[in-house]
Structure formats: structure tokens, C-alpha cells
Amino acid sequence: MSIKYGLLALLQRGTMYGYQLRTSFEESTGGTWPLNIGQVYTTLSRLERDDLVRSLPEHDGGQRPYEITDAGRAELATWFATPIGRGDRPRDELAIKLALALTTPGVDVPGIIQAQRTATMRMLQEYTRMKQRTAGPADLSWRLVLESMIFQAEAEVRWLDHCEASLARHAPLPTPPPATAPETVHDKEKTA
Amino acid sequence: MSVLELRDVHRIHGSGEATVLALRGVSMIVRPGELVAVMGPSGSGKSTLLNLAGGLDGPTQGEVAVEGTVLGGLNRKALAVLRRHSIGYVFQDLNLLPSLTAAENIALPLELDGVGVRRARRAALTSLAEVDLEGYAQRFPDEMSGGQQQRVAIARALVGQRRLILADEPTGALDSQTGEAVLRLLRAKVDAGAAGVLVTHEARHAAWADRVVFLRDGVVVDTSGPLAEPEHLLDGASS
């Protein structure tokens with residue numbers, strides 16, 4: 001997701017200036033997605049260019065509030081109504097890393113899996129600690145964000161367990177290297 | 001002082017060709033206020049470790065000490081007293097006695113330990129309140145849901161002054177909200193000064209622990225503690 005929709009959703013509540021947008025954004029995601037003020041203003045100027053928001057006259061304090069336009073409301077409604085496709089998310093670097101590790105000679109694949117599992121577990125512990133500190137309905141928004149991260153980390157650990165089990169099961173069954181690329185030796189075949 | 005200490009513990013099952021090296025040189029210390037999760041695939045030695053920690057089984061080599069007492073040095077009777085007095089067990093199969101009420105199930109280990117019936121009952125009621133089951137003292141196990149029965153089993157494990165809580169997949173087949181309530185209870189008991197060991201294959205449950213020990217083929221392959229600075233977690237969240 002881009003910051004664009006986050007800011008549009010906040011402006012839907014009412015006019016806000018840059019600093020308020022940043023604070024509200026971080027509050028609604030429990031600080032799991034920190035923004036710098038530069039990102040906020042860059043996004044606001046793009047939104048203004050596309051007629052999705054408009055800037056209002058400056059306050060006495062020199063702060064310029066922004067309000068959402070009808071086009072902005074329509075854009076936001078479309079975003080809420082459209083499911084997020086898997087293809088819209090970045091490619092999974094970890095899956096690619098493991099796939100490459102399997103086909104690269106001399107790489108300790110079980111070692112990579114364990115190191116990743118420990119790192120992911122550590123994150124999961126920390127998310128859980130953060131979750132323990134939440135209480136009450138006021139925290140619901142960001143607890144849901146946090147739980148999303150918890151479930152994703154859990155899924156990653158489960159997938160790593162699965163990779164390890166697959167590796168253990170298939171390791172004793174060496175298959176001949178492909179004739180077209182004899183230099184590409186499966187790591188486990190090399191050690192088996 | 002540590003509540004639980006395993007020193008270079010080995011456990012071999014069977015002999016000859018049927019020998020299984022369940023644990024191979026495991027060392028571990030669990031202090032008061034500390035919850036340690038043990039994770040690993042089936043057959044990695046998790047349950048063997050828990051049985052050794054609880055004095056339900058003895059090591060082939062090495063030592064297990066609970067509150068400084070080496071279990072191998074105790075006779076059967078002394079070991080049974082230590083188990084009843086200092087150790088609380090929460091297992092996946094709840095082992096609640098069907099002919100006893102919730103309160104009676106909880107009071108039973110105290111009564112076996114020589115505590116008077118009235119005192120044991122008072123402690124049982126307190127323990128039931130801790131797991132939010134105040135009104136269920138007179139219910140029999142088959143009059144309660146799976147989640148409620150699990151909470152009774154936890155209340156029984158936590159009753160009295162247990163210093164070491166051992167839990168083997170305590171959330172069993174519970175739904176995620178009820179399972180989380182069980183973990184919160186365990187965490188609270190540990191935060192109040194007990195030491196806990198939680199065996200689980202679920203990462204989300206292990207994450208409630210202060211440390212996670214990974215077992216593979218009877219060997220500790222890695223240990224994960226939480227980060228000191230949670231801010232690091234948020235790096236990359238904006239990318």
C-alpha cells in the first residue's frame with residue numbers, strides 16, 4: 001500500500017495539516033509504520049496535483065490544512081472496495097533466497113533456515129510483547145495491525161519448518177544434475 | 001537462584017539397535033519470572049525434556065535440579081513430595097478426574113500434600129477465581145466446555161505455591177481466543193515469580209516466552225530471546 005490512501009482516509013475524517021496527518025497515521029497503525037514529515041508533504045503535493053486533495057489558506061501559526069476533494073473520496077471508496085491482490089505486494093525475498101540457496105553449491109541451507117527462524121521468532125516475541133501492552137477498545141485498530149504482523153510471522157515460521165522437513169526428506173535421494181547445466185549442483189546432493 | 005537447571009542432560013531410550021538418543025547434552029537454566037518455550041518437530045526431544053524437568057523421568061547422564069535440589073539424589077517419596085509441592089503440570093490431555101467437581105480436582109494435589117480439607121478448598125477457590133471461573137466450583141468436568149476444563153487444569157497446576165510450571169501444548173485444540181487466554185494466565189503466573197517451561201509447536205504461542213529454545217534430534221540448535229529495542233522491528237515496515 002502507498003501512503004496515499006492512508007492520508008486520504010485520514011482527511012476523510014476532516015481537514016488536517018501535515019504534522020497532524022503524520023501523528024494520526026502513526027496512531028492508527030500503532031507506530032508500526034513510522035512516517036517522516038517529508039514523505040507526508042511529498043505525498044500531499046502529489047495528491048493535490050491529481051486533484052484528490054486541496055490545500056486551504058494557512059492558519060495564523062503558518063500551518064496549511066488540507067481537505068479531501070470529491071475525486072479523492074471516490075478514489076478512497078474504490079480502494080476500500082477493491083481486494084488487495086497478491087501481485088500488488090512485493091516479491092518474497094526470503095522464498096527467492098531459499099530457492100537460490102538450494103541450487104547454489106556450498107550453501108548451508110539448513111543454516112539459513114534456522115537463522116531465519118530465530119530472527120522471525122524474535123520478531124514474533126517482540127510483537128507479542130507489544131500486544132500484551134494493548135488493552136481496551138481504543139487500541140483495537142492498531143492491535144489488528146499488530147496481529148496481522150503476528151500471523152504473518154507465524155506463517156513464515158511454519159513455512160520454514162515445512163522447508164526444513166522437505167529438505168530432510170528429500171536429501172537422501174540424489175537426483176542426477178541436469179545434462180544441460182552440469183555445473184549446477186544441488187547443495188544437498190553435494191553433501192549427501 | 002535458578003528454579004530449574006538441566007546440566008548436560010542425556011536421555012537414551014531402549015538399547016542395542018533400538019536405541020533412541022532422545023536428548024544429547026542439553027543444558028538449560030530457568031530463573032524465577034522467566035518463561036522458556038521449547039520448540040521442535042515431533043521426535044526432537046521436547047516431551048522428554050519436560051518429563052525430565054518434572055521428575056517424571058530420569059536422565060541417563062547429567063543432572064536435573066529444581067530449586068537447587070538435584071532430582072537424581074532423591075528417593076521416590078521425596079521426589080513425589082517435591083513434585084506435588086513445587087511443580088505444576090499442564091498437559092494437553094487434561095487428566096481431570098470426572099467424578100470430582102472443579103474445586104475438588106484443584107484441591108486434590110494439596111490434600112495429597114497434607115494440607116487440610118478446608119484450607120485446600122479455600123486455595124482451590126482462589127485458584128478458580130484466578131482463571132475467571134468463580135461460579136464453577138461445583139461443576140463436574142463434563143458440565144464444562146473444553147476451554148473451561150483447560151482453565152480448571154491450569155488452576156490445578158497453579159494452585160498453592162508452585163514455583164515451576166511445566167506446560168505441554170497447553171492450548172491443545174482450543175480456539176485462538178481461548179488459547180490466548182490460557183497463555184495470558186501462564187504468563188501472569190510467571191510474571192508473579194514462578195518459572196515456566198512451555199513445550200509447543202506453535203510459533204505464535206512460543207512467542208509469549210522470554211526465550212525460545214529450538215530442539216532438533218535431542219540437541220539445542222538455537223535460542224531466541226526478544227530484541228532489546230522494539231523500534232528495530234519497525235524498520236522496513238514503510239518499504
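The values are calculated or read from the model by the stated rules, or taken from the named source; none is laboratory data. This is a predicted model, so every value here is computed, not measured. Neighbour counts are summed over all protein chains in view; Cβ atoms, including those assigned to glycine, are modelled from backbone coordinates with ideal geometry.
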Among the residues of the stretch B:133-148, the number that are more than 16 Å from B:Gln177 (Cα to Cα), in a helix (DSSP H, G or I) and in contact (Cβ under 8 Å) with a residue 12 or more places away in the chain is 3
Among the residues that make up the stretch B:200-217, is at least one of them within 22 Å of B:Ala103 (Cβ to Cβ), touching a residue at least 60 places away in the same chain (Cβ under 8 Å) and not polar (S, T, N, Q)? no
Within the set of pairs 6+ apart or on separate chains, which have a first residue in the stretch A:46-64 that is over 13 Å from A:Leu11 (Cα atoms), a second that is β-branched (Val, Ile, Thr), and C-beta atoms under 7 Å apart? A:Asp51/A:Thr69
If you scan the stretch A:5-36, which residues turn out to be at pLDDT 90 or above, of a type outside the set (Ser, Thr, Tyr) and under 24 Å from the mean Cα position of the chain (by Cα)? A:Leu7, A:Leu8, A:Leu11, A:Gly18, A:Gln20, A:Leu21, A:Arg22
Please give the number of the condition B:Arg184 fails out of (1) part of a loop (DSSP other than H, G, I, E, B); (2) modelled with pLDDT of 85 or more; (3) within 12 Å of chain A (Cβ to nearest Cβ). (1)
Pick from the stretch B:181-208, criterion more than 12 Å from the chain's Cα centre (by Cα) and among the small types (Gly, Ala, Ser), ranking: nearest to B:Ser86 (Cα to Cα): B:Gly193
Consider A:Arg46 carefully, then state whether it is more than 14 Å from chain B (Cβ to nearest Cβ), over 26 Å from A:Arg133 (Cα atoms), in a strand (DSSP E or B) and at pLDDT 90 or above. no
Does the stretch B:155-170 hold any residues that are at pLDDT 80 or above and not in a helix (DSSP H, G or I), and which are they? B:Val159, B:Arg162, B:Arg163, B:Leu164, B:Ile165, B:Leu166, B:Ala167, B:Asp168, B:Glu169, B:Pro170
Complete set of residues in the stretch B:141-163 that are polar (S, T, N, Q) and within 14 Å of B:Val190 (Cα to Cα): B:Gln161
Counting only residues that are at pLDDT 75 or above and within 21 Å of A:Trp33 (Cα to Cα), give me the helices (runs of 4 or more DSSP H) lying completely in the stretch A:103-192 with at least 1 of them. A:109-132, A:140-170
What is the residue count in the stretch B:14-26 for residues that are touching a residue at least 24 places away in the same chain (Cβ under 8 Å) and not basic (Lys, Arg)? 5
Check whether at least one residue in the stretch B:46-62 is within 14 Å of chain A (Cβ to nearest Cβ) and within 13 Å of the chain's Cα centre (by Cα), and report yes or no. yes
So B:Gly179, is it part of a helix (DSSP H, G or I), free of Cβ contacts under 8 Å to residues at least 60 places away in the same chain, within 14 Å of chain A (Cβ to nearest Cβ) and out of contact with any Phe, Trp or Tyr (no Cβ under 9 Å at 6 or more places or on another chain): yes
When you go through (1) at pLDDT 90 or above; (2) within 12 Å of B:Met39 (Cα to Cα); (3) more than 14 Å from every other protein chain (Cβ to nearest Cβ) one by one for B:Val212, which number turns out not to apply? (3)
Residues in the stretch A:104-148 that are among the hydroxyl-bearing types (Ser, Thr, Tyr), touching a residue at least 12 places away in the same chain (Cβ under 8 Å) and within 11 Å of chain B (Cβ to nearest Cβ) total 3
Quick check: is even one residue across the stretch B:109-124 under 21 Å from B:Ala181 (Cα atoms), in contact (Cβ under 8 Å) with a residue 40 or more places away in the chain and part of a helix (DSSP H, G or I)? no
Within the stretch A:154-164, of all residues that are more than 7 Å from chain B (Cβ to nearest Cβ) and among the aliphatic types (A, V, I, L, M), the one nearest to B:Gln177 (Cα to Cα) is A:Ala155
